[in-house]
Amino acid sequence: MVSYGDSANSGVLIVTGASRGIGAACARLGARAGYKVVVNYGRSRDAALAVVADIEAAGGRAIAVGADVSKLSEVAHLFAETDRRFGRVTALINNAGIGGAIRPIEEHTEATLNDLFSTNIYSCIHCASAAVRRMSPRHGGKGGVIVNISSAAARLGGIQGMVAYAASKGAVDSFTIGLAKEVGKEGIRVVGIRPGMIATDILEPIGGDELMRETAPTIPIGRVGQPEEIAQAAIWLLSPGASYVHGTTIDVSGGR
Ligand code: NAP
């Protein structure tokens, strides 16, 4: 097991979309690294409570807070609950995301695009904005780290029917670069991760197990990834060991 060199870690970590998949893995590993963890969920309250129960059973501290992070008012609630129950956030993993409607570009509607872009990029901007208000010395904060979960699709253009998804993740990468320039001198590090194909529920609408079986041989490492492999990278990026990693997005994609 990796040691993060910060056993006295008393930080407060918010993970958006932590009821399952990559977010749940980040929440569990974050708690093991010593963070008090806010397990955000959109719809899956029971699953989020199960993540909290796992963390508590392992001796960690966590709370579940429901908030649709695509909506500014609900993000305000998420951060207010965090302030009230754990204090100022010091680490944020912007993980919540959806694949959106799978279709050729000419079949997208304003509604499908609004859903995709509000969930995948507005959420990052809303949450980062609330975090900066708590991390920046301009607002009485002491710095922090923000990790944005992008996708290899930002680089590859997305698989068939997912061009708009890829574009929403390209926006996440641009946001990471720009925000790093805006707040880096205030003690806030901003970084991103581009996961490759990871075995989670998000793949169900595009073929799930069958898609993973077909794709595995095309991935240089010869297999799809597991959520814990993204969590390892995310928790390292939050740690002092990554103190000079800033304004960049790392690929954790098995070479994809
Ligand atoms: P997942 O298993 O489907 O989990 C998505 C999580 O996001 C769920 O916990 C869901 O919670 C939450 N969520 C969705 N919309 C939300 C909203 N509006 N507000 C709050 N929470 C919301 O997917 P995953 O694979 O772990 O994906 C996590 C991130 O990794 C996403 O940003 C995704 O784009 C990215 N990614 C995944 C892959 C992959 O192959 N798996 C590859 C590249 C990038 P509720 O059910 O509670 O709403």
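The values are calculated or read from the model by the stated rules, or taken from the named source; none is laboratory data. As the structure is a computational prediction, the values presented were derived from the model and not from experiment. Every residue, glycine among them, receives a Cβ derived from its backbone with ideal geometry; neighbour counts consider all protein chains shown. Protein only, heavy atoms only, side chains kept; ligands, DNA and RNA dropped before computing areas. Shrake-Rupley method; radii C 1.70, N 1.55, O 1.52, S 1.80 Å.
Listing for the model above:
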| quantity | calculated |
| --- | --- |
| Single match in GLY30, GLY23, GLY59 (criterion: more than 10 Å from the ligand (Cβ to nearest atom), of a type in the set (Gly, Ala, Ser) and in contact with a strand residue (DSSP E or B) (Cβ under 6 Å, 6 or more places away or on another chain)) | GLY30 |
| Yes/no for LEU13 being over 23 Å from ALA128 (Cα atoms) and either within 12 Å of the ligand (Cβ to nearest atom) or not β-branched (Val, Ile, Thr) (or both) | no |
| Residues of region 68-115 classified as of a type in the set (Val, Ile, Thr) and open to solvent by 20 Å² or more (accessible area, probe 1.4 Å), total | 6 |
| Region 36-46, residues that are farther than 9 Å from VAL15 by Cβ and more than 10 Å from the ligand (Cβ to nearest atom) | LYS36 |
| Qualifying helices (runs of 4 or more DSSP H) (wholly inside region 152-256; at least 3 residues being charged (D, E, K, R) and open to solvent by 60 Å² or more (accessible area, probe 1.4 Å)) | 208-215 |
| Residue list for region 9-27, filter: open to solvent by 20 Å² or more (accessible area, probe 1.4 Å) and either among the charged types (D, E, K, R) or within 11 Å of VAL37 (Cα to Cα) (or both) | SER10, ARG20 |
| Evaluation of ASN120 against (1) in contact with a helix residue (DSSP H, G or I) (Cβ under 6 Å, 6 or more places away or on another chain); (2) on the phi > 0 side of the Ramachandran plot; (3) not β-branched (Val, Ile, Thr) (one fails), failing number | (2) |
| Candidates TYR41, TYR35, filtered to the one that is closer than 28 Å to GLY161 by Cβ, within 16 Å of the chain's Cα centre (by Cα), modelled with pLDDT of 95 or more and among the aromatic types (Phe, Trp, Tyr) | TYR41 |
| Complete set of residues in region 96-137 that are outside any helix (DSSP H, G or I) and either within 14 Å of the ligand (Cβ to nearest atom) or not hydroxyl-bearing (Ser, Thr, Tyr) (or both) | ALA96, GLY97, ILE98, GLY99, GLY100, ALA101, ILE102, ARG103, PRO104, HIS108 |
